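See below for the structure under consideration.
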Amino acid sequence: MWHTAAVVDHSYADLSLAALYDSLNPWGPGDDFYLDLVMSAGSVLDVGCGTGQLLRRARGEGHGGRLMGVDPAAAMLVQARRGEPGVEWVLGDLRTRHWDGAGFDLVVMTGHVFQVLLGDEELRAALTAVRTALAPGGRFVFDARNPAARAWEGWTPDRVHHVTDPDGRPVRVWHEVQGLPSGDRVTFTETYEGGRWPQPRVCRSTLRFLGPDALSGFLAGAGLAVVGQYGDWARGPVTAGSPEIITVACPG
């Protein structure tokens, strides 16, 4: 899944591109994993919520508690509000407000949005905000691609995603890594061709790949302790071949 970021990628700031997001990211096992968590929590904060698929589904399936989605891309929140006005949709990121006393039972970052936190200080600030937003006994759950699995090696132009825009026009989308990974960061482009655009639209992004030990270290520094870690959506262990590092943390 390709998700929005603390720094707004062009593909999520453009209404015509944001309208394709749900088609490019259909509901899957990861969404089922998070939906189970959301439905069992009284209040939920979804950081980098994108078009709000998760919280929209939760409200539609009867979640009656507080649901808040935060995202820095206005175009994505247009899609979210159209789909479900009964959720608190907030334009911004974790720096947008003070979270003292927010008391969320669950904070989530889905769709690998955690990986857009590139700098150490940015990451520490985000995790501190999450810790502040949690109620005593609350949980923070997020996913990141496992660097050992080297997923970026499959981000090549020959792997094209075909979708249809809201007007029924075909669109081709592909990804391409730019150069070699720089430390734990990978920069890539996402290209959209077809639809209403006379020329391809190219968006550039960078993601940070951190292993389990590094993740645990950053979490501990923010007062969060890892209580569970999985390598896939079936809750298998993290191994060298696991595609994901799905982490559950609680205030320490």
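Just so it is clear, none of the values below were taken in a lab; they were calculated from the coordinates. What you are looking at is a predicted structure, and each value in this text was computed from that prediction instead of being measured. We place every Cβ from the backbone using ideal geometry, glycine too, and count neighbours over all the protein chains shown.
Relative contact order for region 103-166: 46 percent, from Cα pairs under 8 Å spaced at least 6 residues apart, divided by residue count. Stokes-Einstein diffusion for region 177-252, with the hydrodynamic radius set to the Kirkwood value over Cα pairs and evaluated at 4 °C in a medium of 1.567 mPa s, equals 86 µm²/s. Three principal axis extents of region 92-170 based on alpha-carbon atoms, in descending order, are 47, 37, 22 Å. The distance between label points at residue 32 and residue 225 comes to 3.2 nm (points 7 Å beyond Cα on the Cα→Cβ vector). With a cut-off of 11 Å between beta carbons, the residues surrounding residue 217 carry a summed charge of -1, where Lys and Arg count +1 and Asp and Glu -1.
Free of any trypsin sites (Lys or Arg not before Pro) that DSSP assigns to a loop and that have at most 16 other C-beta atoms within 10 Å, the longest stretch within the chain is 1-94.
How far apart, in nm, are the 7 Å Cα→Cβ label points at residue 158 and residue 177? That separation, rounded to one decimal, is 1.5 nm. By the Kirkwood approach, averaging reciprocal distances over each pair of separate Cα atoms, the chain gets a hydrodynamic radius of 18.5 Å. Here the alpha carbons of region 67-126 define both size measures, Rg and Dmax, at 12.5, 35 Å. Remark on region 1-140: hydrodynamic radius 14.9 angstrom, per the Kirkwood mean of 1/r across alpha carbon pairs. Along the axis of the charge dipole computed for region 1-155 (Cβ charges of +1 for Lys and Arg, -1 for Asp and Glu, origin at the Cα centre), the listed residues 53, 38, 155 are led at the positive end by 38.
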